[in-house]
Ligand code: ZN
Ligand code: FE
């Protein structure tokens with residue numbers, strides 16, 4: 001990654017990440033559930049907030065917006081047009097493009113309903129870092145978000161869209177859930193060698209106090225049971241879990257229902 005552009009995780013609450021994009025003295029943040037750690041980071045690095053993006057309406061993703069705006073009132077707030085979020089003044093939807101001139105970059109808006117009805121993901125090209133996806137609570141490291149407002153069919157379609165992005169896309173999710181997700185993934189696919197390797201690597205990173213994210217889409221495709229509806233071992237596991245497992249969306253639904261009780 002070039003020196004003049006960085007993507008930094010800001011830890012919030014017990015296991016949230018607020019992602020901060022920085023170019024020169026400008027910054028944008030994604031899903032600022034809590035303002036205090038973001039303001040501290042901006043101050044420490046003398047950064048000017050240029051934009052706020054949010055993926056969905058849950059409090060742990062939007063709770064800090066008001067306090068950030070009280071100090072930076074002209075900052076645009078991009079977020080889902082289909083969800084009621086008072087502070088969003090630039091409502092966007094699937095297919096829109098967000099221009100961030102201060103950061104010299106732009107993002108394509110991808111509608112990924114399922115976790116919530118209007119959940120969005122933001123896909124962009126970062127100079128010298130390839131494609132990046134900020135996906136909130138849709139795809140996690142080795143897991144996916146719970147289906148609170150949408151249907152399993154919708155969530156599957158959302159994940160299928162993500163899985164069609166270039167394999168080297170870096171996946172920036174909003175929670176550090178990877179180790180728990182890996183425990184479940186190993187129950188689904190105990191013989192997946194790539195998953196076993198990921199389990200060891202992720203455990204080492206957490207033991208060293210490091211984030212396990214971002215991952216890449218390639219890693220998720222090899223290890224994440226919620227993207228592996230075509231893998232024979234996952235199809236077999238869906239059947240064992242009592243799923244119908246005839247269609248990819250049904251395999252996904254059965255695995256998701258199993259995880260809910262795991
Ligand atoms: Zn959420
Ligand atoms: Fe969340």
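Among the residues of the range 225-247, the ones that are crowded, with 18+ Cβ neighbours inside 10 Å, assigned to a helix (DSSP H, G or I) and touching a residue at least 40 places away in the same chain (Cβ under 8 Å) come to 5 in all. Among residues of the range 53-78 that are under 12 Å from residue 34 (Cα atoms) and modelled with pLDDT of 95 or more, none has a beta-carbon under 8 Å from a residue that is within 14 Å of ligand 2 (Cβ to nearest atom) and assigned to a helix (DSSP H, G or I) at least six positions away or on a different chain. Pick from the range 168-194 the residues that are exposed (fewer than 14 other Cβ atoms within 10 Å of the Cβ) and assigned to a loop (DSSP other than H, G, I, E, B): which of them is modelled with the lowest pLDDT? Result: 168. Being touching a residue at least 12 places away in the same chain (Cβ under 8 Å), more than 15 Å from the chain's Cα centre (by Cα) and exposed (fewer than 15 other Cβ atoms within 10 Å of the Cβ) is the requirement here; does residue 24 meet it? For residue 24, the condition - touching a residue at least 12 places away in the same chain (Cβ under 8 Å), more than 15 Å from the chain's Cα centre (by Cα) and exposed (fewer than 15 other Cβ atoms within 10 Å of the Cβ) - is met.
The single condition among (1) touching a helix residue (DSSP H, G or I) at 6+ places or on another chain (Cβ under 6 Å); (2) surrounded by 14 or more Cβ atoms within 10 Å (Cβ to Cβ); (3) more than 29 Å from residue 123 (Cα to Cα) that residue 259 does not satisfy is (3). Being in a loop (DSSP other than H, G, I, E, B) and surrounded by fewer than 24 Cβ atoms within 10 Å (Cβ to Cβ) holds for only one residue in 118, 125, and it is 118. Within the range 214-224, the set of residues being touching a strand residue (DSSP E or B) at 6+ places or on another chain (Cβ under 6 Å) and assigned to a loop (DSSP other than H, G, I, E, B) comprises 214 only. Considering only residues that are away from ligand 2 (no atom under 16 Å from the Cβ) and either over 16 Å from the mean Cα position of the chain (by Cα) or without any contact (Cβ under 8 Å) to a residue 60 or more places away in the chain (or both), which ones fall in the range 114-147? Hits for the range 114-147 are 123, 124, 125, 126, 127, 128, 129, 130, 131. Residues in the range 5-19 that are touching a residue at least 24 places away in the same chain (Cβ under 8 Å), within 18 Å of residue 102 (Cβ to Cβ) and either more than 15 Å from ligand 2 (Cβ to nearest atom) or surrounded by fewer than 15 Cβ atoms within 10 Å (Cβ to Cβ) (or both): 3 in all. The single condition among (1) crowded, with 19+ Cβ neighbours inside 10 Å; (2) part of a loop (DSSP other than H, G, I, E, B); (3) in contact with a strand residue (DSSP E or B) (Cβ under 8 Å, 6 or more places away or on another chain) that residue 107 does not meet is (2). Of all the residues in the range 128-147, those that are outside any loop (DSSP other than H, G, I, E, B) and in contact with a strand residue (DSSP E or B) (Cβ under 8 Å, 6 or more places away or on another chain) number 9. Just to be sure, is residue 92 more than 16 Å from ligand 2 (Cβ to nearest atom) and in contact with a helix residue (DSSP H, G or I) (Cβ under 7 Å, 6 or more places away or on another chain)? Criteria not met by residue 92.
The residue that is nearest to the chain's Cα centre (by Cα), counting only those in the range 52-77 that are outside any helix (DSSP H, G or I), away from ligand 1 (no atom under 14 Å from the Cβ) and crowded, with 23+ Cβ neighbours inside 10 Å, is 53. Assess whether residue 197 counts as being at pLDDT 95 or above and surrounded by fewer than 20 Cβ atoms within 10 Å (Cβ to Cβ). Yes; evaluated as a whole, the condition is true for this residue.
From 209, 150, grab the single residue that is more than 14 Å from the chain's Cα centre (by Cα), surrounded by 17 or more Cβ atoms within 10 Å (Cβ to Cβ) and not in a helix (DSSP H, G or I). Even if it seems obvious, please write down each step before you answer.
Values: 209 fails: surrounded by 17 or more Cβ atoms within 10 Å (Cβ to Cβ).
Among 209, 150, only 150 is more than 14 Å from the chain's Cα centre (by Cα), surrounded by 17 or more Cβ atoms within 10 Å (Cβ to Cβ) and not in a helix (DSSP H, G or I).
The values are calculated or read from the model by the stated rules, or taken from the named source; none is laboratory data. No experiment lies behind these values; they were computed from the predicted model shown. When we count neighbours, we look across all protein chains shown, and the Cβ atoms used for this are built from the backbone with ideal geometry, even at glycine.
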